[in-house]
Amino acid sequence: MNRCSFCNRSADDVDTLVAGAGVYICNDCVALSADIIKSKPAGPKRTTPVWEGVDDDALLAHLPRIDAIRHQVDDDLRSWVGEARRRGMSWDRIGEALGMRRQSAWERFS
Ligand SMILES: [Zn+2]
């Protein structure tokens, strides 16, 4: 079951789940993001890490969410590679697209 990569709610728990490249965002997170962008103060773009101001417990609680998203991204990549194989694409082409050797692509995805 796909989950929102931002709030971790499942597709069943949201109205809409929009797919990206291995990640998903729900309608509520899109609305929240739009509010954040609208209320963004003028000035230089922030490049500081998101963990600035996050306490230790919140930081630890965030780790399994990132790990779950990593698995979701891996599953999505695996299914796209599966579709490439179903279409008859060679391991050479798939490996080249991923910046790896044919053998590495085959070992990882076959
Ligand atoms: Zn969400």
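At 222 nm, what helix-only mean residue ellipticity would the chain give, in deg cm²/dmol to the nearest 500, using -39500 (n - 2.57) for each DSSP H run of four or more?
Helix-only estimate at 222 nm: -17000 deg cm²/dmol.
Starting from the exponent 0.38 and prefactor 2.2 Å, build the expected Rg for the stretch 56-110 from its residue count and divide its actual Cα Rg by it.
Taking the Cα Rg and dividing by 2.2 N^0.38 Å, one obtains 1.49.
Binned at 10 Å from 0, what are the whole-percent values of the Cα-Cα distance distribution for the stretch 1-47, short to long?
It works out to 27, 42, 25, 7, in whole percents.
Residue 83: net charge of surrounding residues, Cβ under 14 Å, Lys/Arg +1, Asp/Glu -1, itself excluded? Numbers along the way, then the final one.
On the way: positive: 78, 85, 86, 87, 93; negative: 75, 76.
Once positives and negatives cancel, what remains is +3.
Within the stretch 1-80, which trypsin sites (Lys or Arg not before Pro) sit in a loop by DSSP and count at most 15 neighbouring Cβ atoms inside 10 Å?
Taking the stretch 1-80 and a limit of 15 other Cβ atoms within 10 Å, the loop trypsin sites (Lys or Arg not before Pro) found are 9, 45, 46.
Taking only protein heavy atoms into account and a 1.4 Å probe, give the accessible area per residue of the chain in Å².
78 Å²
Got a sec to turn the phi values of the stretch 56-72 into Karplus ³J(HN,Hα) couplings, 6.51 cos²θ - 1.76 cosθ + 1.60 with θ = phi - 60°, whole Hz, x for Gly and Pro?
Computed from phi, the couplings for the stretch 56-72 are 4, 5, 5, 4, 5, 5, 7, 4, x, 5, 5, 4, 5, 5, 4, 5, 5 Hz.
Give the long-range amide H neighbours of residue 14: residues separated by 5 or more places, or on another chain, with amide H under 5 Å away, using H modelled in the peptide plane at 1.01 Å from N.
Those qualifying (amide H under 5 Å, at least 5 residues apart or on another chain) number zero.
Relative to the first principal axis of the alpha-carbon coordinates of the chain, what is the inclination of helix 27-38, with its axis defined by its Cα atoms, in degrees from 0 to 90 and to the nearest 10?
With both axes taken from Cα atoms, the answer is about 60 degrees.
How about the stretch 4-110: which chymotrypsin sites (Phe, Trp or Tyr not before Pro) there lie in a loop by DSSP and see at most 13 other Cβ atoms within 10 Å?
Hits after loop and neighbour filter: 51.
Please report, as a whole percent, how much of the solvent-accessible surface of the chain comes from carbon and sulfur atoms (probe radius 1.4 Å). Don't skip to the end; give the middle numbers.
Details: 4780 of 8580 Å².
For the chain, the apolar C and S fraction of the accessible surface comes to 56 percent.
So if I take the alpha carbon set of the chain, get Rg, then get Rh from the Kirkwood formula, what is the Rg over Rh ratio?
Values: Rg = 18.0 Å, Rh = 16.7 Å.
That ratio equals 1.08.
The values are calculated or read from the model by the stated rules, or taken from the named source; none is laboratory data. It should be emphasised that the depicted structure is a prediction, and the values quoted were computed from it without experimental measurement. Note: ideal-geometry Cβ built from the backbone for every residue, glycine included; neighbour counts use all protein chains shown. The area values use the complete protein model at the heavy-atom level, side chains included, leaving out ligands, DNA and RNA. Shrake-Rupley method; radii C 1.70, N 1.55, O 1.52, S 1.80 Å.
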